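The values are calculated or read from the model by the stated rules, or taken from the named source; none is laboratory data. Just so it is clear, the structure is predicted and the values come from calculations on it, not from any experiment. Backbone-built Cβ (ideal geometry, glycine too); neighbour counts: all protein chains shown. Each accessible area value is taken on the protein alone, full model and side chains, heavy atoms only, with ligands, DNA and RNA left out. Shrake-Rupley method; radii C 1.70, N 1.55, O 1.52, S 1.80 Å.
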Amino acid sequence: TPPADDGEKAAAFIDNGLDAYKERYGLSPRELEVLREVLMGKDNQHIASDMNLALSTVKVHVHNILHKTGQANRQDLMRDFRMHS
């Protein structure tokens, strides 16, 4: 089989760290799904489309994730995930 590309490596890293991150910050199952998409670099509109959610619902989930993790923005969230997973 061909070696995994960077996208597959990133997805594997994210998937391996999600459960510990969820437990650390008390994220809901839906917040965890949205978090995965954020960590994969998707914007709110793409997340909403992919998950069949209203854009406003995704915005609320992202806001709640940032609040629970104490991060100011997506870049800080990604950095925190890398450090704690």
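Show the residue pairs meeting these rules: Cβ distance below 6 Å; 6+ apart or different chains; first residue within segment 1-29 and within 10 Å of Ser85 (Cα to Cα); second residue surrounded by 14 or more Cβ atoms within 10 Å (Cβ to Cβ) and at pLDDT below 95.
Gly17/Ser85; Ala20/Ser85; Tyr21/Ser85
Cβ-Cβ distance below 6 Å, separation of 6 or more or different chains: which pairs start in segment 57-74 with a residue that is within 19 Å of Ala20 (Cβ to Cβ) and end on one that is open to solvent by 40 Å² or more (accessible area, probe 1.4 Å) and at pLDDT 95 or above?
Once the first residue is within 19 Å of Ala20 (Cβ to Cβ) and sits in segment 57-74, its partners that are open to solvent by 40 Å² or more (accessible area, probe 1.4 Å) and at pLDDT 95 or above give Lys68/Tyr25; Thr69/Tyr25.
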